[in-house]
Structures are given as structure tokens and as C-alpha cells.
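Following: one structure in C-alpha cells, then a few remarks.
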Amino acid sequence: MGANPEGLDREGRRDIYFFIHNVYANFFKDALDYFSLHLYPRFEYKVVGTYDKAVEYLNKQCELNREADKPNLPALVLNPSGDFDLADANAGGKQLWRFPNLAPGMVKRVFDPVYQDENIQIDVGFIRIQGDIELLMLLNSFYEYCDLKMLFLQIFGGYERWIYPQFFNTFIILPEELVNYEYTNPYTGLHYNIDWNSAGAYDKLVKTIAKNELVLPCNIKPIYKLTSVNDASNRYGGADQLADWRLGATIRYEIEIPAFLVLQTDYLVKNVDINIYAGSVYSFYDHSVPSFQLKYKKSYDWGLDETSNSVITDATCEGVYEHEYDFNTRFFHVVTQAEVDSTSNLQIDLGFTVDDLNSLRLNSRFGEMYYGDHYTLINNNSIILINEANVELVNGMVIEIYLYKRID
């Protein structure tokens with residue numbers, strides 16, 4: 001394992017998983033079991049081509065209680081290829097969070113953590129790999145050859161069609177740095193070691209390195225597609241042997257391989273999002289509400305009677321008059337989904353009568369609302385009627401209602 005002492009973007013650490021061959025070994029073994037036990041259980045003999053022949057000889061001798069001079073037919077040989085690579089970009093093989101040096105911090109937003117408590121969160125990053133495996137099937141007769149080739153075409157739905165067979169069991173070897181990691185909080189004095197048993201970790205003898213390691217169980221689900229089927233038979237035999245029947249197939253696979261682990265501490269503090277809702281305060285504008293001056297220009301055909309605050313038609317009332325208004329109070333109305341779905345215009349009951357139309361101001365998320373175009377007052381100027389033909393209501397939208405008072 002390799003560690004990153006500098007941390008992960010100042011949030012945690014990453015550990016690169018070097019023992020990927022254990023995952024591949026389980027994958028090839030389970031792939032062999034799938035094609036032999038589930039796809040065609042009549043296979044009497046099955047072997048992965050990279051197995052040590054001496055070990056295989058001893059295993060078969062124990063299994064058959066005799067020397068295995070030749071395979072019992074039908075037999076299946078799986079030949080894995082070391083020519084694997086990243087999956088294509090359209091399959092998600094090039095996403096940044098799949099690589100420990102690009103965007104490992106995003107892993108926590110993609111996969112569930114393998115360990116989590118109030119202070120520590122550990123996630124596994126997966127790399128998506130594609131490659132080929134070759135199957136060689138040794139058969140008894142031409143008739144069995146026909147049956148098995150037809151079965152392959154049926155199971156795979158023809159060529160170049162992905163199938164999703166089953167989950168395979170494997171394990172992730174935990175690095176010593178994470179096994180012995182001790183969380184310490186200098187402010188609270190809290191310190192403890194990770195309880196890996198609660199996460200399902202267990203000790204296992206890893207035969208390839210001849211060591212006992214603490215491992216985490218992991219399920220992976222590859223996908224397969226049939227790319228080719230070929231006839232590898234020796235039809236005419238020889239001077240001292242009969243014809244043998246062989247069916248070859250090439251299988252393309254894609255699989256998610258655990259590639260690195262990400263540890264983050266105090267993740268609850270770092271991921272706090274502060275949301276301010278309309279129930280407490282709301283504004284798209286400056287919180288300070290200034291006073292304003294309202295100017296009236298009286299032309300020859302209309303004027304304003306300042307005593308009654310009503311419009312008059314007096315041609316002699318020409319001139320400009322100014323009145324100053326100061327902020328008095330503010331109200332909010334939060335639009336509900338029921339009001340959005342309603343077929344009638346929204347009505348907001350103020351609970352009081354507006355004596356001076358100029359003292360009322362309305363704002364929404366779309367900006368200032370104008371009397372006549374966006375709203376009017378009804379019921380003795382105590383209810384605001386929103387003109388939904390000109391106002392788009394959205395669930396959760398806040399309408400700000402400002403009330404001013406004339407001070408001059």
C-alpha cells in the first residue's frame with residue numbers, strides 16, 4: 001500500500017490498492033465457475049490456463065483418487081489475457097473520480113462508504129477495466145459441439161450484446177496504515193482506533209503473499225459480451241487417434257476493480273451547508289431598506305389634491321410636488337404548490353387597509369412588481385390580488401411586501 005501523507009485536498013488521505021491481482025484471481029475463478037456450473041454444468045473438467053500445472057496435477061489427483069492422465073470430456077479451459085485496459089469513455093472508464101491523482105474526493109458522492117462513524121468516513125474508489133478472456137471447450141462429439149454453440153448464441157443474444165450474469169465475491173486487503181489508524185481530536189481530547197469488525201472486516205490468509213491480512217468483503221458484477229466463436233476441432237484425427245471436437249469463444253468483459261481507498265476525518269463539519277430559508281429571512285436585495293421620495297408632476301389635465309390625496313382635473317395645478325416616505329414594516333408570503341396549481345389568481349390578505357397606494361411596494365425573485373401590471377388591491381384595499389397572467393408563480397417563491405409611511 002502507498003499512503004498520501006499530505007492528505008486529500010486538505011480533507012483526508014488516500015491509499016492506493018496494490019494487490020489488485022487478488023481481485024482478478026477471484027474474477028477469473030468465478031468466471032470459470034459461471035461458464036461451467038451455471039452455463040453448461042455437464043463440464044467434467046475445468047481449469048484456468050495460468051494455473052501452475054504441478055498444483056493442478058495434485059488437485060486433480062486428490063479429486064479423482066488417481067492420476068489424471070487426460071481431461072475427462074467435456075472440458076472447459078479459460079485462458080485469461082493480460083491485455084486489459086481502461087474501459088471506453090462512454091462506459092465511464094475515464095471519469096475523473098476513478099483515479100487517485102485526479103478527483104478522488106468525489107468518490108464519497110458516488111459510492112456508499114465501507115466504514116463510517118461520527119468522525120471518520122472511508123470510501124473505495126473503483127477503476128473500470130475492459131479486457132478479453134478466451135474459452136476452449138473440449139467436447140465428445142460434433143453433436144455436443146452443435147448444442148454448446150447454439151447455447152452460447154442463445155445466452156449472449158448473439159454477438160456484441162452485453163449480458164449481466166451475476167455478482168462475484170472478492171475481498172479488499174486493508175493497508176496497515178488504515179488498520180492501525182487512530183483518530184485524534186485535539187479540541188475534545190477524543191481518540192480511538194477504527195472498529196473494522198463493525199464494518200465486516202476479517203482476517204484472511206492471502207496465498208499469493210503468504211501473509212494473514214485484514215480484508216473487507218466486496219461484491220463485483222462484471223458484464224460480458226460474445227465477440228467471436230470459432231471451430232478449433234481436429235476433424236480428421238491422425239494415424240493413431242480419432243477426431244476431436246473443440247469449440248473456441250472470445251468473451252469481452254468490463255469490470256469495476258477496487259483501486260484506492262479514501263479516508264476523511266471530521267467530514268460532518270466539512271460538509272455543513274448553511275441554507276437560509278424564507279421562514280427566517282429572505283431577500284434578493286440589500287437588507288437595508290432606504291426611504292424614498294415620490295415626485296408628482298401636475299400637468300394641465302390632472303393634478304393631486306394633497307388634502308384628500310385624490311386625483312383632480314385642474315389645469316391650473318401645474319408644478320412638481322415631492323413627498324418623502326420612510327420604511328415602516330415588511331411582510332413575506334411564501335407561494336405554495338397549491339397556489340401554483342390553482343386556476344384563480346393568488347390573493348394575499350394583508351389584514352389591514354392600505355390608505356396610501358404609494359406606501360406599498362412589492363418585490364419577488366423576478367424583481368420589483370408594479371401596481372396594475374403585476375398586482376392590484378381589492379376588498380377595500382386590504383387584499384393583494386396577483387395578476388398571474390404577468391407573474392410566473394413558483395413553489396417556494398417569496399413575495400416581499402414593504403409598507404412605508406409618509407413623513408412630510
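The values are calculated or read from the model by the stated rules, or taken from the named source; none is laboratory data. Just so it is clear, the structure is predicted and the values come from calculations on it, not from any experiment. For neighbour counting, all protein chains shown are included, and Cβ atoms are generated from backbone atoms with ideal geometry for every residue, glycine included.
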Original post:
Looking only at residues in the stretch 224-279 that are under 30 Å from F111 (Cβ atoms), of a type in the set (A, V, I, L, M) and in a loop (DSSP other than H, G, I, E, B), which one is modelled with the lowest pLDDT?
Top reply: I274
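Is there a residue in the stretch 74-85 that is farther than 30 Å from F43 by Cα and either outside any loop (DSSP other than H, G, I, E, B) or in the same structural domain as F19 (by TED's automatic domain parsing) (or both)?
yes
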Original post:
Tell me, which residue of the stretch 86-110 that is within 21 Å of Y24 (Cα to Cα) and not in a helix (DSSP H, G or I) is nearest to the chain's Cα centre (by Cα)?
Top reply: G92
**OP:** Sort out for me the strands (runs of 3 or more DSSP E) sitting completely within the stretch 349-392 that have 1 or more residues that are free of Cβ contacts under 8 Å to residues at least 24 places away in the same chain.
**Re:** 367-369, 375-378
Original post:
Out of the stretch 114-148, which residues are farther than 30 Å from Y192 by Cα, surrounded by fewer than 17 Cβ atoms within 10 Å (Cβ to Cβ) and not hydrophobic (A, V, I, L, M, F, W, C)?
Top reply: D132, E134, N140, S141, Y143, D147
Subject >> Every residue from the stretch 377-399 that is surrounded by 15 or more Cβ atoms within 10 Å (Cβ to Cβ) and either under 18 Å from D356 (Cα atoms) or not assigned by TED's automatic domain parsing to the domain that holds N345 (or both) >> reply: L377, N381, I383, I384, L385
Original post:
For the stretch 115-163, how many residues meet the condition of being closer than 20 Å to P222 by Cα and within 21 Å of the chain's Cα centre (by Cα)?
Top reply: 6
Original post:
Within the stretch 194-204, can one find any residue that is over 30 Å from the mean Cα position of the chain (by Cα) and free of Cβ contacts under 8 Å to residues at least 12 places away in the same chain?
Top reply: no
